[in-house]
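Only one structure is covered here, and it is reproduced in the block below.
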Amino acid sequence: PTMAHSESLLVVENFIGGKFVPCSSYIDAYNPSTGDVYCRVPDSGKEEVEAAVKAAKDAFQIWSSRSPLERSQILNKLADLIEHDLEAFAEAESKDQGKTVKFARTVDIPRAVHNFRFFASSILHHVTECTEMPAMGCVHYTSRAPVGVAGLISPWNLPLYLLTWKIAPAIACGNTVVAKPSEMTSVTAWMMCKLMEKAGVPPGVVNVVFGTGAKAGEALVCHPDVPLISFTGSTLTAQRITEKSAPHCKRLSLELGGKNPAIVFDDADLSQCIPTTVRSSFANQGEICLCTSRIFVQRGIYSEFLKRFVAETKKWNTGNPSDPTVDVGALISKEHLEKVRNYVKKAQAEGARVLCGEGVDPLTLPPGNQKGYFMLPTVIAEVKDESCCMQEEIFGPVTCVVPFNTEEEVIERANGVKYGLAATVWSRNVGRVHRVAHRLQCGLVWTNCWLVRDLNLPFGGMKASGIGREGAKDSYEFFTEVKTITIKH
Ligand code: NAD
C-alpha cells in the first residue's frame, strides 16, 4: 500500500481521565476502499492501560453515587450530540471500515445513538425483589450496585455500534469503563470521546485505549482492578481471554462468531424470503456475526430458489462505499479478503459450484478503488456439510446453498456445526415454525424475517458462539452485583 504524506494522516489519541494523551508508538490504519494508510492509531500497552484503569477507578466513587436519573440525562445528551454529527460519523465509519456510507448512516450510527437512549431509559425501570418470612419475623430484599471498572473489548465489523452497546449499559449502571476498540477501526470511538465533556460525562468515567489485542487488550484482560470483561469478537480470542482472566476469576460476557443457517421450507413466501436472505447473506459485506452463510432449501423448490437467489444477488452493486448506488463496500483488510477468497477456492477444489461472484463474474472498480479490498457477493452450491465453507465462519460476502428433504433432517444438519448464534426459518406453517425454532441450537431464531431486534430481549449465542446474554435486563444483571439483605424485626 502507498503511504500518504505523513502530515495529512489522521492521528488518534488515547482518551484517559477526560484528556487526550499521545502514545509513545503508533500503528498504521488503512482505508479499506483505497488500500492507503490514512490514520495512525496508538499502540497502547500496559502503561496506557494502567493509567486508564487508574482514572476509571478514581472516577468510580463519584459516578456510582449519581442517581440513575442523573446518569440517564447524561446518556441522552451524549446520544443527541452523536446524532447531531451523524453524517460525519457515518463517513468516518465508512472510511475506516470499508462499509458503505449508506449502511453506516442507516444502521451503525443510528444504532449507536439508540444504544445510549435505550439504556438511558431502561436504567430507570428496574425493580428489585423482596420476599417476606412472617413466621421468622424477617423480610428479605435484594439490592444491586455497579461492579467497578468494566473492561470492554469490541471488534471491527460494527465499530461504534458494538462499542456503544457495551459502554451505554456499563455506565448507565454506574460503572466506569476502559474500552479497547479494534485496532483496525478506532476513529469513530475517538470522535465520540471528543463529545464526552460537552455531554457532561465526568472525566475518567469513559476511558478509551487504542491498540492491538495482544498488547492493549491483554493488558486490560489481565489487570487485577478490572473485575469484568465484556468481549465481542472471535471464538479464538475468547478462548485466550478466558484463559488469561481465569486466575482473577473475572466475570465474562462473550459474544462470538456464528455459522448461521437459513432454513427455507417449500411453503415459504419466496418473494419475501429471497430478498431478505440475500440481505442476511451480504449486508455489511457479510461481516456481521448474524449473517446467513448456510442456506438449506427444501428439495421441491431448490432449483427455483437458486435461480431467483442468484438473480437477486446480482442486483447488488460492489464498489466505492461513498457511492449511493453501491450495496457492497470493501472488506476490512487485505488479509481478510485473501482469507475469504481462499474459502471460495477451497470449495471449488472440493467440487462445489460457484454460481456467481468471486472468480465467475468480472469486478469493475472506479480508478480510485483499484487497490481496495473488494469482492463480489458469492453464491456457492453443491457444497458438502463437512466442507470448511459449511463449518467455519467465513465472515465475508459468501453464502452456500444446499438442498434438504425433511424437517427432521434439516434440524440435525443446521445444528451440525460448533457455533450456535442465530438462524432464520422460512415457512407459512406456524406449527412447523415453532417446532423448528425450539429445536435449533442457537440464541436467536428469526422466522420469516431477519435482524428485527427489540433491545429489551436477550441477545447472545450458544455453544462456541458465546457465554451470557446482553439486553435490557441481561446487561443490567451483568454490569451490576446483586446482594441479598435480610432484616429481622
Ligand atoms: P477478534 O477476536 O480478532 O478481535 C476482537 C477484539 O479483541 C479486538 O478489539 C482485538 O484487538 C481484541 N483482541 C484480540 N486478541 C486479544 C487478546 N489476546 N486479548 C484481548 N483482546 C484481544 O475479532 P474481530 O476479527 O475483530 O471480529 C470478528 C469476529 O467478531 C467474528 O468472529 C464475528 O462473528 C465476531 N462478532 C460477534 C458478534 C456477536 O455479537 N456475537 C458481533 C460482531 C462480531
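The values are calculated or read from the model by the stated rules, or taken from the named source; none is laboratory data. Since the structure is predicted, the reported quantities are computational estimates derived from the model, not experimental observations. Here the Cβ positions follow ideal geometry from the backbone for every residue, glycine too, while neighbour counts run over all protein chains shown. Quick note on the areas: whole protein, heavy atoms, side chains included, nothing else; ligands and nucleic acids left out. Shrake-Rupley method; radii C 1.70, N 1.55, O 1.52, S 1.80 Å.
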Quick one: accessible surface of Lys194, probe radius 1.4 Å, all protein chains present, in square angstrom to the nearest 10.
110
Would you list Asp267, Asp454 from the most to the least accessible area, probe 1.4 Å?
Asp454, Asp267
Could you give me the ³J(HN,Hα) list for segment 209-218, computed from phi with Karplus coefficients 6.51, -1.76, 1.60 and θ = phi - 60°, whole Hz, x at Gly and Pro?
10, 9, x, 7, x, 5, 9, 5, x, 5
HN-Hα couplings for segment 181-188 via Karplus (6.51, -1.76, 1.60; θ = phi - 60°), in whole Hz with x for Gly/Pro, come out as x, 5, 4, 7, 9, 9, 5, 5
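Please report, in debye to the nearest 20, how large the charge dipole of the chain is about its Cα centre when each Lys and Arg carries +1 at its beta carbon and each Asp and Glu carries -1 there. List each step's numbers first, then the result.
Working: 52 positive and 53 negative charges, 115 e Å.
With only Lys, Arg, Asp and Glu charged at Cβ, the dipole is about 560 debye.
Need one word for the chain: rounded, prolate or oblate. Basis is the Cα gyration tensor (sqrt eigenvalues a ≥ b ≥ c); a/c below 1.5 gives rounded, then a/b vs b/c decides. Before the final figure, lay out each step's value.
Working: a/c = 2.03, a/b = 1.27, b/c = 1.61.
In terms of gyration-tensor shape, oblate.
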Rounded to two decimals, what is Rg over Rh for segment 260-447 when you use alpha-carbon atoms and the Kirkwood radius?
0.96
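Between Gln73 and Leu363, take the C-beta separation as r, use R0 = 45 Å, and let me know the FRET efficiency to the nearest 0.05.
Details: r = 49 Å, r/R0 = 1.09.
Efficiency computed from Cβ-Cβ geometry: 0.35.
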Going by amide H atoms built from the backbone, whose H comes under 5 Å of the H on Cys39, apart from near neighbours?
Leu10, Ala29
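Starting with the highest mean, order 42-50, 327-335, 341-349 by the number of other Cβ atoms within 10 Å, averaged over the residues of each peptide. Intermediate results must be reported in sequence, preceding the final value.
On the way: 42-50: 20.8, 327-335: 22.3, 341-349: 16.9.
So the peptides 42-50, 327-335, 341-349, ranked by packing, come out 327-335, 42-50, 341-349.
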Sorted by chain and number, the residues with a modelled amide H under 5 Å from that of Ala150, at a separation of 5 or more or across chains, are Thr176, Val177, Val178
Could you tell me the accessible area of Ile394 in Å² (1.4 Å probe, neighbours in place), rounded to the nearest ten?
10
Got a sec? Charge dipole of segment 260-447, +1 on Cβ for Lys and Arg, -1 for Asp and Glu; which of Gln370, Val326, Pro397 is way out at the positive end?
Gln370
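So what's the net charge close to Val53: Lys and Arg +1, Asp and Glu -1, counting the other residues with Cβ under 14 Å from its Cβ?
Details: positive: Lys46, Lys54, Lys57, Lys180, Lys250; negative: Glu47, Glu48, Glu50, Asp58, Glu218, Asp225.
Combined, the nearby Lys, Arg, Asp and Glu give -1.
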Extending each Cα 7 Å along its Cβ direction at Val21 and Ala214, get the distance between those two points in nm, one decimal.
2.4
Explain nothing, just the number: relative contact order of the chain, from Cα pairs under 8 Å at least 6 residues apart, as a whole percent.
18
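For the chain, what are the DSSP H helices with axial Cα length of 27 Å or more and mean Kyte-Doolittle hydropathy of at least 1.0?
On the way: long enough: 46-65 (29 Å, -0.35).
Within the chain not a single helix satisfies the rule.
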Under 8 Å for C-alpha pairs, at least 6 residues apart: give me the relative contact order for segment 260-447, rounded to a whole percent.
29
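Rounded to the nearest 0.05, what FRET efficiency do Arg299 and Cys388 have when you use their Cβ-Cβ distance and R0 = 25 Å?
On the way: r = 25 Å, r/R0 = 0.98.
It comes out at approximately 0.50.
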Considering amide H positions built from the backbone, and no H for Pro or chain starts, which residues 5 or more places from Arg294, or on another chain, come under 5 Å of its amide H?
Asn260, Ala262, Cys400
May I ask you to derive the FRET efficiency for Met133 and Asp80 from their Cβ-Cβ distance with R0 = 56 Å, giving the value to the nearest 0.05?
0.75
At 1.4 Å probe radius, can you tell me the per residue accessible area of segment 172-222 in Å²?
24
Please work out, to two decimal places, the log10 of the ratio I(q)/I(0) at q = 0.15, 0.17, 0.20, 0.25 Å⁻¹ from a Debye calculation in which every Cα of segment 142-205 carries one identical scatterer.
-0.47, -0.59, -0.80, -1.14
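What shape does segment 234-332 take by its C-alpha gyration tensor, where a ≥ b ≥ c are the square roots of the eigenvalues and a/c under 1.5 counts as rounded, a/b above b/c as prolate, and the rest as oblate?
On the way: a/c = 3.92, a/b = 1.67, b/c = 2.35.
Oblate.
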Please check which bits of segment 397-424 a label hung off Thr242 would reach, taking the label as a point 7 Å along Cα-to-C-beta and the cut-off as backbone N under 19 Å.
416-422
In Å², rounded to a whole number, the accessible area per residue of segment 288-371 with probe 1.4 Å is 49
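Using a 1.4 Å probe on the protein heavy atoms, what percent of the accessible area of the chain belongs to carbon and sulfur? Could the numbers behind the result be given before it?
Working: 10990 of 20020 Å².
Carbon and sulfur atoms account for 55 percent of the accessible area of the chain.
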Which Cα, out of Gln73, Phe20, Val49, lies furthest along the positive dipole direction of segment 10-74 (beta carbon charges, K/R +1, D/E -1)?
Gln73
Length gained, Gln441-Lys483, 0.36 nm per residue minus C-alpha separation, equals 11.9 nm
Need one value: the accessible area of Lys488 in square angstrom, 1.4 angstrom probe, rounded to the nearest 10.
140
Leaving ligands and nucleic acids out of the surface, order Leu152, Leu10, Leu252 by accessible area at 1.4 Å, largest first.
Leu10, Leu252, Leu152
Which net charge results when you count Lys and Arg as +1 and Asp and Glu as -1 among the other residues whose beta-carbon is under 14 Å from that of Asp80?
+1
